[in-house]
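Working notes, structure below.
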Amino acid sequence: MESEIIQLICRGVLQPGHALPPSRELAQSLRINRKTVVATYGELDAQGWVEIRDRSGVYVSSHLPDTPASAVKQNSKKPARNRQPAFPLIKRLYPDDLTLNEQYLETAAIATAQPQYKIDDGFPDPRIAPIDQLVREYRRLGKSRLANQLLMYGPEQGSYRLRVELAGFLNRTRGMQVTEKEILVTKGTQMAIYLTTRLLIRPGDTVFVPEHWL
């Protein structure tokens, strides 16, 4: 329902300032739980598509999110956005790619910076990890007839079907123009932050991090 409302807004069927049906009325017409409609309106409000006004109702926002996809004509093959990043990326991701001198300089710069937080690709705490349960599960999977499929490495970008679904969701709900080739599924938030910092941050850069993130 959320994506359908966004599409109606993008196509101009629902204009800014247009009042949406009350949650109870819309739930009855669609034969769904009213809490589902309330949650949908709340998500649309958080994204900036609608405005929830106390004791008045829900209205299409007068300041809609930037949706370049909605400006593309249906028959146009030209993308509405530049697919090249607007910032330089560091292509050296691994220490093996550095010369010995570069490794020394980078290590020295990191050592003297004395960062307050350590962000890496993640490592589980063995004190709280369910080691016994993991061992039992690995043993069970190893004896399964599907062991060859379950224990093999998957695509490094993540599940193909998941990336296809994520691309479709982002295009519908965020007005984006992405494909599954532009999506990378990481093993948690910390790995995503780690990859981002390795691509963007150089030794000596200053990074501001909100306290509630860590």
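Taken across the range 169-190, residues that are open to solvent by 50 Å² or more (accessible area, probe 1.4 Å) and more than 25 Å from Gln47 (Cα to Cα) do occur, with at least one present.
Restricted to the range 144-168, and to residues there that are assigned to a helix (DSSP H, G or I), in contact (Cβ under 8 Å) with a residue 12 or more places away in the chain and out of contact with any Leu (no Cβ under 9 Å at 6 or more places or on another chain), the residue that is least open to solvent (accessible area, probe 1.4 Å) is Ala167.
Looking across Ser29, Ser70, Ser56, Ser76, one residue alone is surrounded by 12 or more Cβ atoms within 10 Å (Cβ to Cβ) and either out of contact with any Pro (no Cβ under 6 Å at 6 or more places or on another chain) or modelled with pLDDT of 90 or more (or both). It is Ser70. Considering the range 32-53, and only residues there that are in contact (Cβ under 8 Å) with a residue 40 or more places away in the chain and assigned to a helix (DSSP H, G or I), the residue that is surrounded by the most Cβ atoms within 10 Å (Cβ to Cβ) turns out to be Leu44. A count restricted to the range 12-31 and to residues that are of a type in the set (A, V, I, L, M) and touching a residue at least 40 places away in the same chain (Cβ under 8 Å) stands at 3.
The values are calculated or read from the model by the stated rules, or taken from the named source; none is laboratory data. Keep in mind that what you see is a predicted model, and the values were worked out from it rather than measured. With ideal geometry, Cβ positions are generated from the backbone for all residues, glycine too; neighbour counts draw on all protein chains shown. These area figures cover heavy atoms from the full protein model, side chains too; ligands, DNA and RNA do not enter into them. Shrake-Rupley method; radii C 1.70, N 1.55, O 1.52, S 1.80 Å.
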